[in-house]
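The values are calculated or read from the model by the stated rules, or taken from the named source; none is laboratory data. Since we're looking at a predicted model, the values are computed, not measured. As a convention, Cβ positions derive from the backbone with ideal geometry for all residues, glycine included, and neighbour counts pool all protein chains shown. The area values use the complete protein model at the heavy-atom level, side chains included, leaving out ligands, DNA and RNA. Shrake-Rupley method; radii C 1.70, N 1.55, O 1.52, S 1.80 Å.
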Amino acid sequence: MNNVPTVTRYALSFTTGALLAREVAILAPLHDAHGDWERVRDHAVADNLLQARTRASSVRLARETVKRLSVLTDEEVRLVVEATAAERAHLMWVAACRRYDLVGEFAEEVLRERFLLLASTLRHDEFDSFVRSKALWHEELAGIKESTLHKLRSNVFRMLREAELLSVAGHITPALLSERVLTLLDARTPSDARFFPTRQVELQEVAL
């Protein structure tokens, strides 16, 4: 009998858009009126709410935005609607980390770890080394093309810059999470503050 645990394949379809903060600001308020995310997606495509140049682009962008929103709780979606720009960016970074395990693991195991070890920068080769290490257990990464790796890396770093967690020069920017965002992230165990370069999650644990 084979007792080797099954390894879940990484979803690698996060090359559409980047953080999608502008798009979620448009679609999130529609959820209550439509009742579910599929209807929100269909409405976005039908009326080109995201102002895509082609229908195909509209479909891809609306689908990806809804995928990200669907991993947020109802309370988080409500906060996305009324959030400040910084709060919305932080929540959408969390959404990307939840939706895509590869992104979430990179955030926790590389970005936050380097921050805690007082490393001031995050470079492209750190992402490449991370992907190569994961390829030992994930065959979908073992034969990845260089062009695909470049697209994945480029979009992850673009998301980090849009969330203001990384400067253009590659310097890690400590995240100052608002109290209401941190409260929502701490509702999960472990806290999803682990996706950020911050010591707030440590301070919360000490306070408890």
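All of (1) within 15 Å of the chain's Cα centre (by Cα); (2) over 19 Å from L102 (Cα atoms); (3) free of Cβ contacts under 8 Å to residues at least 24 places away in the same chain hold for E164 with one exception: (3). So which residues in region 28-59 are hydrophobic (A, V, I, L, M, F, W, C), modelled with pLDDT of 95 or more and over 22 Å from A83 (Cβ atoms)? Residues satisfying the conditions are V45, A46, A56, V59. For R60, are the conditions met, namely being more than 15 Å from the chain's Cα centre (by Cα) and under 30 Å from A142 (Cα atoms)? So R60 fits the description; yes. Of the listed requirements (1) farther than 18 Å from R9 by Cα; (2) assigned to a helix (DSSP H, G or I); (3) at pLDDT below 95, E140 misses just one: (1). Since V71 meets every condition but one in (1) in contact with a Lys or Arg (Cβ under 7 Å, 6 or more places away or on another chain); (2) farther than 30 Å from T198 by Cβ, which condition does it not meet? The failed condition is (2).
Looking only at region 56-99, residues that are open to solvent by 60 Å² or more (accessible area, probe 1.4 Å), of a type in the set (S, T, Y) and under 16 Å from G35 (Cα atoms) come to 1 in all. Taking region 4-53 as the range and being at positive phi and touching a residue at least 40 places away in the same chain (Cβ under 8 Å) as the test, the residues that pass are G17, L20. When E126 is tested against (1) open to solvent by 80 Å² or more (accessible area, probe 1.4 Å); (2) free of Cβ contacts under 8 Å to residues at least 24 places away in the same chain; (3) over 16 Å from the mean Cα position of the chain (by Cα), exactly one condition is not met: (1). Out of S154, S178, S147, one residue alone is open to solvent by 20 Å² or more (accessible area, probe 1.4 Å), in contact with a helix residue (DSSP H, G or I) (Cβ under 8 Å, 6 or more places away or on another chain) and of a type in the set (S, T, Y). It is S178. For region 30-81, a tally of residues being out of contact with any helix residue (DSSP H, G or I) (no Cβ under 8 Å at 6 or more places or on another chain) and in a loop (DSSP other than H, G, I, E, B) returns 6.
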